[in-house]
1. Using a ≥ b ≥ c from the Cα gyration tensor of chain B (square roots of the eigenvalues), is it rounded, prolate or oblate, where a/c under 1.5 gives rounded and otherwise the larger of a/b and b/c decides, a/b for prolate?
2. Output the antiparallel fraction of DSSP beta bridges having both residues in the protein assembly as shown, as a percent to the nearest 5.
3. Tell me what chain B gives for mean residue ellipticity at 222 nm when only DSSP H runs of n ≥ 4 count, each as -39,500 (n - 2.57), the sum divided by the residue total, rounded to 500 deg cm²/dmol.
4. Past the 29 Å Cα-Cα mark, which pairs from A:LYS282/B:LYS159; C:LYS11/C:LYS204; C:LYS42/C:LYS130; B:LYS159/C:LYS146; B:LYS188/C:LYS157?
5. Where Rh denotes the Kirkwood radius from the mean inverse Cα pair distance, what is Rg over Rh for the range B:77-126?
6. Is the shape of the range C:1-86 best called rounded, prolate or oblate, per the rule: a/c under 1.5 gives rounded, else a/b larger than b/c gives prolate, else oblate, with a ≥ b ≥ c the square roots of the Cα gyration tensor eigenvalues?
7. Could you give the C-alpha radius of gyration of chain A expressed as a fraction of 2.2 N^0.38 Å, taking N as the number of residues it contains?
8. For the range B:82-95, just list the computed ³J(HN,Hα) in residue order, Karplus coefficients 6.51, -1.76 and 1.60, θ = phi - 60°, integers in Hz, with x standing in for Gly and Pro.
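Each value in this text was obtained by applying a stated rule to the coordinates, not by laboratory testing. Treat the numbers as computed from the prediction; the structure is a model and nothing was measured. As a convention, Cβ positions derive from the backbone with ideal geometry for all residues, glycine included, and neighbour counts pool all protein chains shown.
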Amino acid sequence: MLVTILDVLIAGLLLGGIYALIAVGLSMQYGVARVLNIAHGEFIMLGAFITWSVYTYCGINPILSLALSGPIIFVIGFFLYSTMFSRLRRIAPTPEAFEGSSMLACFGLLFIIQNLAILIWGADMKGYSYLAVPINFAGAKFAANRLVTLGFALVFCIVFYLFLAHTRMGKAIRAAAQDSAAAGLMGVNIKHVLAMCFGFGAMMAGLSGTLISMSYNVQPTMGLEYTMIALIVIVLGGLGSITGSLIGGLILGLIGSIVTYIEPGLSMVAYYVIFMLLLLAKPTGLFGK
Amino acid sequence: MVWLLVMLALALSPLYASRYTIILLSTILMNVVLSVSWAMFSGPTKYISLAPAAFFGVGIYSAAVLGTKLPMPAVIVIGGLASFCLAILVGALTLRLRGIYFVMFTFGLVELLMHFLLWFELNINDTTGRVVPSLDNSTVFYLMLLIFAVLMLTVYFIKDSKFGMALQSIGENEEAASHIGINVTALKIVTFGVSAFFMGLAGAIMATRWTYIDPKIAFNPVISFMPVLMAIFGGMGRPYGPIIGAAIFSYLGEFLITKFPYYYMLIFGIILVVAILYMPGGLVGLAQNIRNQYLRRRHAHS
Amino acid sequence: MPILECRDVSKHFGGLAALTDVNLTVEQGEVLGLIGPNGAGKTTLFNAISAAFPPKSGSIRFKGQSIVGLKPHQICRVGLARTFQSVKIFGGMSVLQNVMLGCYFGKKSKVPCDVAEQDSCELLEFVGLKSFIDTAAESLTLGNQKRLEVARALATKPDLLLLDEVMEGLNHTEVAQAMELVSRIQGRGVTVVMIEHVMKAIMKVCERIVVLHFGQKIAEGTPDEITSNENVIKVYLGA
């Protein structure tokens, strides 16, 4: 009995680590850059496929490919913001109009990226095996790759949190999150900072994709589910709160693990039920303003 | 007047057009219904719904579940009503909050329904798919034409009424609208429900084209994308904007599916992004800009 | 009987107390001024009354009935209307349509199209916008947009009208015109509470003035009493 509880708990943490990482990424994009990036899952998918490709064709192990997928996806995100979203921000008459048009642009991006992936890699499921060795942990068995995933996810989250709190760029980002107009007046190069934020958000998606590919199969259509999960986590944690995304991700992972144990196939439904409860009772979430 | 002629021509087409043309026209009408219904709510209120696929899917699924048990006309209406009820629920939950929650919720609705029905069918009903009785092409065409006619009548009725003005004011400034006595939440919910009703009707009718339906087929995210693309590209400033967009992309879709089967969604995605970046008013907006520029030049010369 | 009674109204935003135990009584038919430095909580009080942001605690009674918990459209329907500090007109619609919406929805009863149009035209003439009837609201000057907001609010046939900085950004002539408009509104039997920074206008138009500072009422009285009140002078001159 205790073993089962531990099993479920740790599985929940493993899932939660990933959820936290993807949610922090989306939180950066929506909370600071004000772009509701519903194509977030596609960046995750890209990261996963980059890793699969370099593993299958070059034999590079996934942990090393983190150093590839992260920066590549960062650059893509940075570029997209500097071109597309900057323009939208300029031509939008109100902030609400920008939120609307940027979200729709992401909707278009979703289909662009997904179909590009299908064209490049084909529509079927792919996978690879890496560190699929079981490790014993207090009586429960876990695949080593999942523990590695959790480790990295937590490390990335912590590193990023420290980055936000202690570096100059981090402070600029936090200022922009509070009030981008004021931050701009204070000499912060707003366009640059917002593009960096979007890039960082995308980078986290890319890194998550790599980590996910270590334990799960990948498919060009895998992104939608993760986008949805990220959205629910940022509502749970509170829109605009990075800490909220971290904690919310862990909570949702735990819930997912519990539900999967009771009735597999219903985890998405369970997440949505939580979403609905939040909307009914506390839309601002745990740490929202 | 133009409308009457168009409707007459369409109503008589099964008599002289080829089978292929009738099928294409049915597809165009379906897309028109989807994009006009989408624009009916998301246009004036500026709440962007990403759920057309969910409501269309509910219509399809209603036909799949009831098609063998009840006569088709009843099934189609029930499909519409089921979507209406779902929309009311979703609206009551999300439309009293900021628009962003509405977008998020509608975005995931398709996946949610798919996952839930998949689990339900597998675990409770022990089936994987259902069979829908088929209808002949002319019947499908006439049904879609009827839905289209009712929809356009509804749209024009709303547009020129107090209801339509109130909807527009919500999109202009929701807070002000509520302070002059408009029950904004109720209005949004009802309009959302009506738009979903039509999507559900369309879904139930088109279900007869597939002989085999399962949750993955019924709930397809592309169906959420197409109305958005069509309405935005066509332009939401006028009721006929989405119609033009639907006609263009239906035809384009048919053409591209045969020549570039894997590229067409990619192309459509690019077109949406380009439209948002460079022609936010759609074709209608573009035409108005050109007209305004022409008028200005005339004034300058006179 | 006072038309509006606020008792111990408080409102917090996170850790910031925007309003603390504010008591306000408005007598029917009067023009009451609400002044105070920026951030004093004046608009917050209006928001609490009109239910844009409901109060945390306290009671608000309008014509003897509690209105706390009602939605903005319900409050409008019982006869309380307002304008906004940042003008919230329906930009893409015509001036006439803006006011007609107020006629149609301001009260529960159905208003036929021609009556609404007539009433709207009359109101537009009242505020001086008759010549702009078919213009798009967003193309009006700021001063005219503010007048449009007033006309729209009056179209809902209110007994009490809350004006939020209706004179902000206006030049001397426009301020004089606005002052005269407020008097004429009072002449129609509408009670007015106005937030203003233009001191000259407030002192001339209002019969009574309430002063807020840091979310609390610090003074109340006639214009003369207020201008000679030590606390008020301190607050404004920062002694």
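1. oblate
2. Close to 65 percent.
3. Mean residue ellipticity, 222 nm, calculated: -26500 deg cm²/dmol.
4. A:LYS282/B:LYS159; C:LYS11/C:LYS204; C:LYS42/C:LYS130
5. That ratio equals 1.07.
6. Taking the square roots of the gyration eigenvalues as a ≥ b ≥ c, the range C:1-86 is rounded.
7. Computed over Cα atoms of chain A, the ratio equals 0.98.
8. Residue by residue, the range B:82-95 yields 4, 5, 4, 4, 4, 5, 4, 4, 4, x, 4, 6, 10, 7 Hz.
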